[in-house]
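Structure first, then comments.
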Amino acid sequence: MKTLLTIILFSISSTSFATDTAQVICGKEFTTVKLVDDWSHSKKKGGYCAKAECSPSIRREHCFVRKEHDTGENMVRVILQDHYQEVNKSGVRTYGHHTVVIGKDDACFKACSPDKAGGKSSLEKKSCVECFKTRSFADYDSSINYPEIGKKLEKGTKCYSLCIDKPGPFQSERILTPECQTCVGVNGLVAEKFEYLQTKHGQCFEVDQNNKRKEVGKRLCKEASQLLLTEYDDSQTPYQFIFNKRGDCFEIDSKTGGFIYQAARSPALCESLNINDGDRNAEIDKDSSPVKKKASAGASVQ
């Protein structure tokens, strides 16, 4: 009887563990999930993978790996791939990809860092592997919030790129570069000031003091107290003026007349010149790309 009870409890425990693993792989958007392949080492992929059935048409594979060309022992790549089966269509698509640099604030830092100089680190350690098994893709926040900085930095911003931990050996202390300190304003330095530009189609750009722009999340534009905006312009080049030809249509920033932002647009947009500025959340035309209108007015991108 005791043996039977042990088997039943073990079976319940195993089922619960499999469901938890499947939920980690599939994410919260799927409620009924099933583990297909439990975690195992994949020599081909260079790490550990597991697979779950998230819906009748989707089997999602979750892998965390170290590539041969990775430049730091503190670097792990997390990849989600969907093996899908749809009507007259099947294949594999990458659902998510995240590069994790295991800094001292990372949840797996202690589990993955070497116990002594020259010791095993990262995915060479069983404790590190077990730690990564419990992390869903949603756990990997693309922003950074280091105690040394005291505020959150969004991915894509200038300060983010200057302050993010770099691949390399494990470091128990974080040393901010001078460029990072100047950008965020720590240790008595004055933080760099940024403006935010929103295009007609809702793209959001961070603009630094040199008028160089970086595309960032739309939330930053929504939270900005003041916004730079864009307008349509069809002014003629000297050649077009001399030969009485119609000017090309561009969307330009209203602050610098196209030095910060400039992109070719349909002539019809310049004909109306009265688009509703409240409609700035539509997706931008995918075939539109910044081009030079004049030699002295190219869009400045960092």
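How many residues does region 149-180 hold that are more than 20 Å from the chain's Cα centre (by Cα) and open to solvent by 40 Å² or more (accessible area, probe 1.4 Å)?
9
Out of the residues in region 86-109 meeting the condition of being open to solvent by 90 Å² or more (accessible area, probe 1.4 Å) and touching a residue at least 12 places away in the same chain (Cβ under 8 Å), tell me which one is farthest from Y160 (Cα to Cα).
R93
Does region 76-85 hold any residues that are closer than 18 Å to S42 by Cβ and either of a type in the set (A, V, I, L, M) or touching a residue at least 24 places away in the same chain (Cβ under 8 Å) (or both), and which are they?
V76, R77, V78, I79, L80, D82, H83
Test A111 against the stated conditions and say whether it is part of a helix (DSSP H, G or I), under 26 Å from I149 (Cα atoms) and within 27 Å of the chain's Cα centre (by Cα). Let's see the steps before the verdict.
Numbers: part of a helix (DSSP H, G or I): yes; under 26 Å from I149 (Cα atoms): yes; within 27 Å of the chain's Cα centre (by Cα): yes.
It is true that A111 is part of a helix (DSSP H, G or I), under 26 Å from I149 (Cα atoms) and within 27 Å of the chain's Cα centre (by Cα).
With respect to E53, determine if the residue is exposed (fewer than 14 other Cβ atoms within 10 Å of the Cβ) and among the acidic types (D, E).
Taking the combined requirement at face value, the residue does not satisfy it.
Looking only at region 115-132, filter to residues that are open to solvent by 50 Å² or more (accessible area, probe 1.4 Å) and not small (G, A, S); which one of those is modelled with the lowest pLDDT?
K116
Pairs only if they're at least six apart or on different chains, beta carbon under 6 angstrom, first in region 131-143 and free of Cβ contacts under 8 Å to residues at least 60 places away in the same chain, second open to solvent by less than 30 Å² (accessible area, probe 1.4 Å) and in a helix (DSSP H, G or I); list them, first residue then second.
As it stands, the answer is C131/A111, since those pairs meet every condition given.
Taking region 177-199, which residues are touching a strand residue (DSSP E or B) at 6+ places or on another chain (Cβ under 6 Å), of a type in the set (S, T, N, Q) and in a loop (DSSP other than H, G, I, E, B)?
T199
With respect to Y232, is the statement that it is closer than 16 Å to R265 by Cβ and modelled with pLDDT under 95 true?
yes
May I ask you to list pairs of residues, at least six apart or on different chains, whose Cβ atoms are under 9 Å apart, with the first in region 160-176 being without any contact (Cβ under 8 Å) to a residue 40 or more places away in the chain and part of a loop (DSSP other than H, G, I, E, B) and the second being open to solvent by less than 50 Å² (accessible area, probe 1.4 Å) and not polar (S, T, N, Q)?
Correct list of pairs: L176/Y146; L176/I149; L176/C163; L176/V184; L176/V186.
I'd like the full set of residues that are without any contact (Cβ under 8 Å) to a residue 40 or more places away in the chain and not aliphatic (A, V, I, L, M), limited to region 240-254.
Q240, F241, F243, N244, K245, R246, G247, C249, S254
The values are calculated or read from the model by the stated rules, or taken from the named source; none is laboratory data. Just so it is clear, the structure is predicted and the values come from calculations on it, not from any experiment. In this analysis, Cβ positions are derived from the backbone assuming ideal geometry, glycine residues included, and neighbour counts consider all displayed protein chains. Keep in mind that these areas ignore ligands, DNA and RNA; they rest on the heavy atoms of the full protein, side chains included. Shrake-Rupley method; radii C 1.70, N 1.55, O 1.52, S 1.80 Å.
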